[in-house]
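Student: Take a look at the following structure, please.
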């Protein structure tokens, strides 16, 4: 029966998905981001908190897009679970505040009970942060459930031992040269007509439309899976953050790490140009090989990547198929793009990119 329905309904479903998702529109995205940021800054604590950021003492780890499933064949988190738990154990021991930046639970494809029952180890690792009030949870488009289900607080209490708020965004605030300076964190689905509309459309997508697509095994066009939409998302987020008086922006959503506004491929091209100017033959060869490898998975380069300023960051995800996870770490006066991966049967921490937090915020204050 499912196969018959797939043949019958796939084309009209894809057509309708395109219609109701309304391909991302820059004005709508920017309005949604501005509205959320202003609400938080004006004290709307239901939208999100303003957390203190001490340039040297604060420690934050930001992970997104775990997509915890039911441990079946479609569970994207299954391969990454070991690295994720190892990372949380490390960050808990080191005194970090954990920010879960949306799509932590895959509630488009699964019922909440199946996700909760199959992910006890990672829930227990997160619970340690909750107990010490070092945990902030943000919802994304795949776990809108936390924002619109009347029993969400009961499920959260079952998971974490207490009912915690789930926000749409977070602001990290510090003082720099006598002025408040902010980093704005949100999942990044703002302005998406399918998952960021009015409450009725959000409820319909999360509780009816998404399960229907899952039943048909139809993957709608979302930034996590479609290259063009990843590029569009990156551009919209960057353009919003570079506008005057807007803060540094950190999102998830696309599963593609971005550091200081550049994807890894763009950074490789930038390094290649420098190596060619210096006529560094060995480095040129290494970079060309790395570029060819990266282009197999993602070959888009922004036209203005050489002029991009460090306004925008993306965590990547905690559900890469090889089990690796990436995130944004703020500690020791630095902001870092980090990776956790399996090496010799243990989870290893690796810094992919880093820069001084003070330099970043001073640059954005110019």
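Student: So, residue 91, is that one farther than 30 Å from residue 239 by Cα and either modelled with pLDDT of 95 or more or more than 20 Å from the chain's Cα centre (by Cα) (or both) or not?
Tutor: Numbers: farther than 30 Å from residue 239 by Cα: yes; either modelled with pLDDT of 95 or more or more than 20 Å from the chain's Cα centre (by Cα) (or both): yes.
Here the answer is yes, as residue 91 does meet what is asked.
Student: Just to be sure, is residue 61 modelled with pLDDT under 95, buried (at least 17 other Cβ atoms within 10 Å of the Cβ) and touching a strand residue (DSSP E or B) at 6+ places or on another chain (Cβ under 9 Å)?
Tutor: Numbers: modelled with pLDDT under 95: no; buried (at least 17 other Cβ atoms within 10 Å of the Cβ): yes; touching a strand residue (DSSP E or B) at 6+ places or on another chain (Cβ under 9 Å): yes.
So residue 61 does not fit the description; no.
Student: Which residues, counting only those in region 117-171, are out of contact with any strand residue (DSSP E or B) (no Cβ under 6 Å at 6 or more places or on another chain), touching a residue at least 60 places away in the same chain (Cβ under 8 Å) and over 19 Å from residue 69 (Cα atoms)?
Tutor: Answer for region 117-171, where residues must be out of contact with any strand residue (DSSP E or B) (no Cβ under 6 Å at 6 or more places or on another chain), touching a residue at least 60 places away in the same chain (Cβ under 8 Å) and over 19 Å from residue 69 (Cα atoms): 165, 168.
Student: Determine whether residue 86 is in contact with a helix residue (DSSP H, G or I) (Cβ under 8 Å, 6 or more places away or on another chain) and either surrounded by 23 or more Cβ atoms within 10 Å (Cβ to Cβ) or closer than 21 Å to residue 341 by Cα (or both). Give the derivation first.
Tutor: Working: in contact with a helix residue (DSSP H, G or I) (Cβ under 8 Å, 6 or more places away or on another chain): no; either surrounded by 23 or more Cβ atoms within 10 Å (Cβ to Cβ) or closer than 21 Å to residue 341 by Cα (or both): yes.
Judged against the criteria, residue 86 is not a match.
Student: Taking residue 128, is it surrounded by fewer than 19 Cβ atoms within 10 Å (Cβ to Cβ), in contact with a helix residue (DSSP H, G or I) (Cβ under 6 Å, 6 or more places away or on another chain), assigned by TED's automatic domain parsing to the domain that holds residue 65 and part of a helix (DSSP H, G or I)?
Tutor: Numbers: surrounded by fewer than 19 Cβ atoms within 10 Å (Cβ to Cβ): yes; in contact with a helix residue (DSSP H, G or I) (Cβ under 6 Å, 6 or more places away or on another chain): yes; assigned by TED's automatic domain parsing to the domain that holds residue 65: yes; part of a helix (DSSP H, G or I): yes.
Yes: the conditions hold for residue 128.
Student: Output the number of the condition that residue 190 fails; it satisfies all remaining conditions of (1) at pLDDT below 90; (2) over 27 Å from residue 233 (Cα atoms).
Tutor: Tallying (1) at pLDDT below 90; (2) over 27 Å from residue 233 (Cα atoms), residue 190 fails exactly one: (2).
Student: Filter region 137-147 down to residues that are in contact with a helix residue (DSSP H, G or I) (Cβ under 6 Å, 6 or more places away or on another chain) and under 17 Å from residue 32 (Cβ atoms), then give me how many there are.
Tutor: Step one: of region 137-147, the residues in contact with a helix residue (DSSP H, G or I) (Cβ under 6 Å, 6 or more places away or on another chain) are 139, 144-146.
In the following step, the residues that additionally are under 17 Å from residue 32 (Cβ atoms) were identified as 139, 144.
Looking only at that region, the number is 2.
Student: Pick from 268, 361: which is surrounded by 19 or more Cβ atoms within 10 Å (Cβ to Cβ), at pLDDT below 90, out of contact with any strand residue (DSSP E or B) (no Cβ under 7 Å at 6 or more places or on another chain) and farther than 30 Å from residue 75 by Cβ?
Tutor: Details: 361 fails: out of contact with any strand residue (DSSP E or B) (no Cβ under 7 Å at 6 or more places or on another chain).
Result: 268 is the single residue among 268, 361 that is surrounded by 19 or more Cβ atoms within 10 Å (Cβ to Cβ), at pLDDT below 90, out of contact with any strand residue (DSSP E or B) (no Cβ under 7 Å at 6 or more places or on another chain) and farther than 30 Å from residue 75 by Cβ.
Student: Next up: Considering only residues that are in contact with a helix residue (DSSP H, G or I) (Cβ under 8 Å, 6 or more places away or on another chain), without any contact (Cβ under 8 Å) to a residue 40 or more places away in the chain and either surrounded by fewer than 19 Cβ atoms within 10 Å (Cβ to Cβ) or not assigned by TED's automatic domain parsing to the domain that holds residue 53 (or both), which ones fall in region 313-345? Please lay out each step first, then the result.
Tutor: Filtering region 313-345 for residues in contact with a helix residue (DSSP H, G or I) (Cβ under 8 Å, 6 or more places away or on another chain) gives 314, 318-325, 327, 330, 333-335, 340-342.
Filter again for without any contact (Cβ under 8 Å) to a residue 40 or more places away in the chain, leaving 334-335.
334 - this is the single residue of region 313-345 that is in contact with a helix residue (DSSP H, G or I) (Cβ under 8 Å, 6 or more places away or on another chain), without any contact (Cβ under 8 Å) to a residue 40 or more places away in the chain and either surrounded by fewer than 19 Cβ atoms within 10 Å (Cβ to Cβ) or not assigned by TED's automatic domain parsing to the domain that holds residue 53 (or both).
Student: Now for a different question. Output the residues belonging to region 236-251 that are under 13 Å from residue 310 (Cα atoms) and out of contact with any strand residue (DSSP E or B) (no Cβ under 6 Å at 6 or more places or on another chain).
Tutor: Going through region 236-251, the residues under 13 Å from residue 310 (Cα atoms) turn out to be 237-243, 246-250.
Of everything in region 236-251, those that are under 13 Å from residue 310 (Cα atoms) and out of contact with any strand residue (DSSP E or B) (no Cβ under 6 Å at 6 or more places or on another chain) turn out to be 239, 240, 242, 243, 246.
Student: From the list 325, 335, 291, which residue is at pLDDT 95 or above and over 19 Å from residue 67 (Cβ atoms)?
Tutor: Details: 325 fails: over 19 Å from residue 67 (Cβ atoms); 291 fails: at pLDDT 95 or above.
After applying the criteria, what remains is 335.
The values are calculated or read from the model by the stated rules, or taken from the named source; none is laboratory data. Note that the structure is a prediction, hence the values are computed from the model and not measured. When we count neighbours, we look across all protein chains shown, and the Cβ atoms used for this are built from the backbone with ideal geometry, even at glycine.
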